[in-house]
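Here's the structure we're looking at; comments come further down.
The values are calculated or read from the model by the stated rules, or taken from the named source; none is laboratory data. Keep in mind that this is a model prediction, so the values were computed, not measured. Cβ sites come from the backbone with ideal geometry, for glycine too, and all protein chains shown count toward neighbours. Each accessible area value is taken on the protein alone, full model and side chains, heavy atoms only, with ligands, DNA and RNA left out. Shrake-Rupley method; radii C 1.70, N 1.55, O 1.52, S 1.80 Å.
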Amino acid sequence: MSARSIGAKGIIGVDAHDNLTEVCRVLGENHLKKVPVLDDGHVVGVINRSDITQHTMGMYLAERGEEAAKQEQTDRMI
């Protein structure tokens with residue numbers, strides 16, 4: 001018996017070119033923790049909530065980190 005014969009049909013996935021908003025929508029609406037990433041119908045990866053959280057936190061810290069560093073320098077001068 002092959003994996004194909006027992007595997008799920010009609011999987012929920014996201015396209016490799018979808019934006020983060022679309023990925024979050026698919027995860028949220030389907031109550032999923034992770035979802036396969038498809039390119040031309042082939043699985044090229046998996047993205048999960050943790051990946052999104054780490055990415056978002058990194059972006060936030062990159063933006064706020066510069067602001068916080070400037071504010072800290074200003075606070076020290078006062």
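A few remarks follow.
- Label-to-label distance for ALA3 and THR21 is 3.5 nm, based on points extended 7 Å past Cα in the beta-carbon direction.
- Heavy-atom accessible area per residue - the chain, 1.4 Å, Å²: 84
- Among ASP18, ASP51, ASP40, the largest mean-square fluctuation in a Gaussian network model of the chain (Cα springs under 10 Å) belongs to ASP40.
- Structure remark: mean-square fluctuation, Gaussian network model of the chain, C-alpha springs under 10 Å; the largest value among VAL43, VAL14, VAL23 belongs to VAL43.
- Using Cβ point charges alone (K and R +1, D and E -1), the dipole size of the chain about the Cα centre works out to roughly 440 debye.
- Per atom type, the chain shows carbon and sulfur on 56% of its accessible surface, probed at 1.4 Å.
- Excluding exposed DSSP-loop trypsin sites (Lys or Arg not before Pro) (at most 15 other C-beta within 10 Å), longest clean stretch of the chain: 34-78
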